[in-house]
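Enquirer: Dropping a structure here in structure tokens format, bear with me for questions.
What follows draws every value from the coordinates through simple rules; no lab data is involved. Since this is a predicted model, take the numbers as computed values, not measurements. Reconstructed Cβ throughout: ideal geometry from the backbone, glycine too, with neighbour counts over all protein chains shown.
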Amino acid sequence: MRPIPATTMKKPISTAWVGALTMTTLLLGCGHLPPPAAAPAVAGGPAIEAAFTIQGAGTTALARVLTRASTCPGIAWDGAAPIPMAERVAPASMAARLAEGRPVEFPVRVCEAPWPLTARTASVEGVPLPAPARAIQRITIVADTGCRTPSQNCNDPAQWPFARIAQQAAATHPDLVIHIGDIHYRERPCPDGNAGCANSPWGYGYDVWQADFFQPARPLLASAPWVFVRGNHESCFRAGQGWQRFMDLQPWSTQRSCDDPRWDSVGDFSAPYAVPLGPQAQLVVFDSSKAAGKALEPSDQAYVKYAAQLAQVTHLAAQVRTSFFLSHHPVMGFVASRTGEVVNAGNPALQSVMALTQPQRLFAPGIDVALHGHVHLFESLSFSTPHPATLILGNSGSDNSWDRSMPTTLPPGTAPYPGAVVDDFATTSEYGFATLDREDASDASRWLLTEYDVNGTPTIRCHIAHGKSRCTPVRP
């Protein structure tokens, strides 16, 4: 097989896309994004730390607020009198789970309220929250965003550009934001004399979550509701305590809290769920945070849990024509070794369970596209075999030095899984983010993915239709 070109344009942009999107969307997709707005101030005063919306299963959504106040604030729906929010979890201080760790401090109270289906606006102490979109035309995607200490210079926006990326991503005016996992990174202390991470918090408490995510992500949090996909950095053994408090959709409980290792078998797994994108299209969100780097045996607890959850995925995917499967760990993909060789980046644990019912395709029927993070680059794979198009989007801020040697063409015969034949491949190791725009209102499978750099300049476009992706570089 001859080397596959980095990108191949198969057809021009469809005219249906022009009819489906607004002129604003067209302008955003054709060149530089408009200058990003400054991060909005938290108008509710020092007590309100963060206010955002989480998109849940079906038509459900949650307003969630982090506050230092002694009680939960009120939330005003459509300008009406505020109604007290419910407390999800109170502030807490606890010993570190690891002997060498810091005590885990959560000085903020987490409050929440379900969005009423009829509500169009919401505010908490003057802080507006983004409302769920009535129709989703544009999705903005980030993954692997935190600063890896001590190898990454958290004080240099060129080396850790997530704040810049969040500003540029907010300027795309999304209807929905997806984070495909690995939000928290500052697990280790900064060594003495290392100016790159000097004065950085570390450990698993709120100070790290605030530095790694809530502060730099503020403009993007204010732009649209979010779908959070759990990464391995958010497993119970690592930053799971913060994940369960801040991002998880299920009710907080002692057993799911990740505070006590005896309950990790509960806290480390979450049921998959579907987020509708309109008629006949949906996201299927899968928690792969405990997917190991080796195949699982049928006797393994994780195997049993994943098998049951993948059966749920099959059921969800059967409900609509087009499903996007979201998991942090790539099921198929490539990465470069330290010596520059192309090696498989597919997760053996997930593959071993998925092959039980889908030995060739791995994915359930109806899964047209798989979206992942974990590998710190952008990668698009399309197949002449019946495997779904695969997108890896883990280049939104975390240290990408390991992945810079990935070539832009694949060596002949390279396959991410036995029997999978790649016929279109595109990649970049530069930091950035992506948007996913509906191309055809009458065809739920047709989407345009645009990869942007940190300046909001498009670098790659991929036309996605019926489980295939065709990419081309964007010429300056």
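Enquirer: As a footprinting exposure proxy, order Thr145, Thr339, Thr254 by other Cβ within 10 Å, with the fewest listed first.
Expert: Starting with the residue having the fewest Cβ neighbours, the order is Thr339, Thr254, Thr145.
Enquirer: Here is a follow-up. Please compute the alpha carbon radius of gyration of the chain, then divide it by the globular-protein estimate 2.2 N^0.38 Å. Two decimals is fine.
Expert: That ratio works out to 0.93.
Enquirer: How high is the relative contact order of segment 267-312? Use alpha-carbon pairs under 8 Å, at least six apart in sequence, and give a whole percent.
Expert: 32 percent
Enquirer: Can you tell me the length gained on complete extension of the stretch Phe237 to Asp423, counting 0.36 nm per residue apart and subtracting the Cα distance?
Expert: Computed gain between Phe237 and Asp423 is 63.1 nm.
Enquirer: Take every DSSP beta bridge whose two residues both sit in segment 306-398, then give the antiparallel share in percent to the nearest 5.
Expert: Percent antiparallel among DSSP bridges in segment 306-398 is about 45.
Enquirer: Also: Using Cα-Cα distances under 8 Å and only pairs 6 or more residues apart, what relative contact order does segment 15-473 have, in percent?
Expert: Rounded, it is 15 percent for segment 15-473.
Enquirer: Report the Cα-based extents of segment 110-225 along its three principal axes, largest first, to the nearest Å.
Expert: Principal extents (largest minus smallest coordinate, Cα): 55, 28, 23 Å.
Enquirer: For the ranges 291-304, 111-124, 164-177, 369-382, what's the packing order if you count other beta-carbon atoms within 10 Å of each residue, average per peptide, and put the highest first?
Expert: Sorting 291-304, 111-124, 164-177, 369-382 by mean packing, highest first, produces 369-382, 164-177, 111-124, 291-304.
Enquirer: Would you mind ranking Thr140, Thr408 by Cβ crowding within 10 Å, fewest neighbours first?
Expert: Thr408, Thr140
Enquirer: OK, next. Rank-order 231-238, 147-154, 64-71 by packing density, defined as the average count of other C-beta atoms within 10 Å over each peptide's residues, highest first.
Expert: Order by mean packing, descending: 231-238, 147-154, 64-71.
Enquirer: For Trp202, Trp402, Trp243, what's the fewest-to-most ordering of other Cβ within 10 Å of each Cβ?
Expert: Ordered by Cβ neighbours within 10 Å, fewest first: Trp402, Trp202, Trp243.
Enquirer: Cα gyration tensor of segment 427-470, axes a ≥ b ≥ c as square roots of the eigenvalues: rounded (a/c below 1.5), prolate (a/b > b/c) or oblate?
Expert: Cα axes put segment 427-470 in the prolate bin.
Enquirer: Now for a different question. Cα centroid distance between segment 374-424 and segment 109-182, in Å?
Expert: 25 Å
Enquirer: When all C-alpha to C-alpha distances in segment 260-354 are sorted into bins of 5 Å, what percent of pairs does each bin hold, rounded to whole numbers?
Expert: 3, 12, 20, 20, 17, 13, 9, 5, 1, 0
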